[in-house]
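These notes are about the structure you will find just below.
The values are calculated or read from the model by the stated rules, or taken from the named source; none is laboratory data. These numbers were taken from a predicted model, which means no experiment stands behind them. Here the Cβ positions follow ideal geometry from the backbone for every residue, glycine too, while neighbour counts run over all protein chains shown.
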C-alpha cells in the first residue's frame, strides 16, 4: 500500500512462514476436512493479555464495534467505507492505475445505524478509463433494518432488503461458485420490535441471493432471513469470507468454503465453516481457546494463494483489537481452531476494531497472497490506518492513510 501521494512510507517488518498440520474438527456434525492449509506466522507470538489500562477509548465486542469496511478488486483497486461523523456512508478509493488515494466523500445514502460492510463481485465497469469491479455495501439502517447500496458504473440506493429488525452490523461475502454467483449477508440477531439476549437476539441469521437472480440489486433477489441452527450465543457483529479450493474441475479454483467468525457472549473467538458444494454441511462452531478474550468484534478474510501453490485451499486470517488496544491476529485452519493470538505491537493503539479487506474471489490476481487491514487510529486525528502485507516480499507495511477524522 502507498501513501496518498503514492510514495511508500511507514514501518516495515518481516513475517515468518510456518505450516499448521490439518486435522478434522468433530465438535459439531459437519464436514470432514480433505485439504491442507498453509498458514503463516506474524512477528510476535503472544497470548492475549489480561485487561490493560490504555489511554484510548475502550472498544468492546458490541454489535456496532467493527471498524471501516474494505475490499480489494481484481484490478488492484482498494475501497474503504465507513460511517462518517455526520452519520452518512463515506468512501475512499485507492486507484491502482494512479497509485493514489482519491478524496474521501459522502455517498449521500442517509443516516446509518451501524458501520457498513462491503463485498466485491466479478462484474466489471469502466470508471474514467480504468476497470473497477462492482461493490455492494450493506448496513443496519437508522430504522434498524438491513439496507444496501451498490456501485455498478455509478451508485444506486439506498435499497431496503425487508428483513425486519437486525441486531448488529451485517457482514457480506460474494461466492463465485461454479453453479452461479451468490451473495451472502449475515448478522447477529433478529428482533421485533427490539433486540435482546433471547434465542432470536444472539443467534446468527442470514439472507442469500438466488444464483439465478444476479446481480442482486432488489429485495426480491434475496431469500431469507434464515436462522443458523448451530451458531448461538453471538456476542459481537459477525464477519464472513469466501475461501477458494483447488481440485474443482473444470476450473482450477472454485469458491469452496465460507468461513464465519464472531466474538462469543463471553468474549471468546468462535468460527464456523460452511461447505458451498451441493449437499455440503457445516463444520463447527468451534472456539479458539488460546486466543483469550477479544477487545472488539473480529474480522475474517481470505489470503489468496497463487494457482501454482502446493496448498489445496486458500488460507484465512482473523484480526481484532486486543484488550490492550493493539492489533491482534490469528491464522486458524479447518482442523486446528486453537492457534492462539499474535500481537502486532507496531500497530499502536486502535480506536476501532480492524477489518481485513475482502479480496476478489473469482479471478486470478497479480497481487496474490497480499493482505490489507484497515482501522481507525487514535486521538487526536482519528485517521484511517492500513496494515499491508506484501505477499511477494513477505513483509508488512504500516501506513497512516489520513482521511480523518473518520
Exercise. Of the residues 91, 115, which single one is within 21 Å of the chain's Cα centre (by Cα), closer than 24 Å to residue 320 by Cα and not in a strand (DSSP E or B)?
Worked result: 115
Exercise. So is residue 95 within 20 Å of residue 356 (Cα to Cα), surrounded by fewer than 22 Cβ atoms within 10 Å (Cβ to Cβ) and touching a residue at least 24 places away in the same chain (Cβ under 8 Å) or not?
Worked result: yes
Problem set entry | Some residue of region 213-224 being modelled with pLDDT under 95 and under 27 Å from residue 315 (Cβ atoms) | no
Exercise. Out of all the residues in region 98-112, which are under 24 Å from residue 299 (Cβ atoms) and in contact (Cβ under 8 Å) with a residue 40 or more places away in the chain?
Worked result: 101, 104, 107, 109
Exercise. Hey, any hits in region 147-170 for a residue that's part of a strand (DSSP E or B), closer than 16 Å to residue 238 by Cβ and at pLDDT 95 or above?
Worked result: no
Exercise. Inside region 330-343, can you point out the residues that are crowded, with 24+ Cβ neighbours inside 10 Å and part of a strand (DSSP E or B)?
Worked result: 330
Exercise. Given the conditions (1) modelled with pLDDT under 85; (2) touching a helix residue (DSSP H, G or I) at 6+ places or on another chain (Cβ under 8 Å), and given that residue 326 satisfies all but one, which numbered condition is not satisfied?
Worked result: (1)
